[in-house]
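J.: Following this message is one structure expressed as structure tokens.
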Amino acid sequence: MATPKMKNRLDSLANTLTDQTLLEQWFRPLQTALDKVRYREKIFNTLTMPTFLLLGCLRQLQSQNSLREQIQSLMHHDNSAILPLARSTWSDALASKNRCRVTREAFSRLTCHARSVLPDRLTGIKNLADREVIAIDASYQTESSHYAPCYPKQGGTDNQKGHMLMTFYDLRKGIPVDVKTETASIGEMRVIKENIEQSHWMEIKKALYSVDRAFIDARYWDERKKKHQATMITRFK
């Protein structure tokens, strides 16, 4: 049974994390949705459900191994031990109408600049400035400690590498624009063919796709070239 003192400390910690912070703005939509489908708060003795979910999300972002470790690090965090984040960041700019206007104008100019400045490997491609440049890459995320995978050798379908996150990047803007999560033990090209082929990012006319060797499928990309005039660029490690 948790002591009232510990519960008060955890409530205070949650209030600090969500008091006019970006974390609170990011978490609020998720909390609103989960409040409708998760357990009621009163059955928890130490952590309320919103606080439990908030710390769980933050733990994933900070790559903490356990909730206990997460809470200990937050309770003993020393603000004076590290330099604070610089002001006038992107989020600060959006809070001011004047700075927001300047940010938008600067972003527009940077985007125009990016349309003509790309990696050297794209030099020589015709009409480069008029073509979208998309990079596709797959990474694997270790499952949560609450997830019990069942691998093919055990009769299941989970991937031994973890959950695949197939991400699409807009190289002109330098940002990820879409992601597909896949838990099954299947290859990258099969994920594209079965789940992503009809997505917006795979049907852009005259697009350039930068991929690694896991995505090499000559017949598939030849078909994309005929249908959408798209070009695949790759490299071998």
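J.: Under the 0.36 nm per residue contour assumption, what length would be gained going from the current alpha-carbon distance of ILE216 and GLU194 to full extension? Walk me through the intermediate numbers first.
T.: On the way: separation 22, 0.36 × 22 = 7.92 nm, distance 1.59 nm.
Full extension of this stretch gives 6.3 nm more.
J.: Measure up LYS126/LYS173; LYS173/LYS226; LYS173/LYS193 against 24 Å on the Cα-Cα distance and list the ones that go over.
T.: Correct reply: LYS173/LYS226; LYS173/LYS193.
J.: Note down the nm distance, to one decimal, between modelled labels 7 Å out along Cα→Cβ at ARG68 and at ASN127.
T.: 6.2
J.: For region 128-237, give me the percentage of DSSP beta bridges that are antiparallel, rounded to the nearest 5 percent.
T.: So the antiparallel bridges amount to about 70 percent of the total.
J.: With r as the distance between the Cβ atoms of CYS150 and LYS225 and R0 = 41 Å, compute the FRET efficiency 1/(1 + (r/R0)^6) and round to 0.05.
T.: Result of the calculation: an efficiency of 0.55.
No lab work stands behind these numbers, since they all come straight from the coordinates. All values derive from a computational prediction rather than experimental measurement. Cβ: placed from backbone, ideal geometry, glycine included. Neighbour counts: every protein chain shown.
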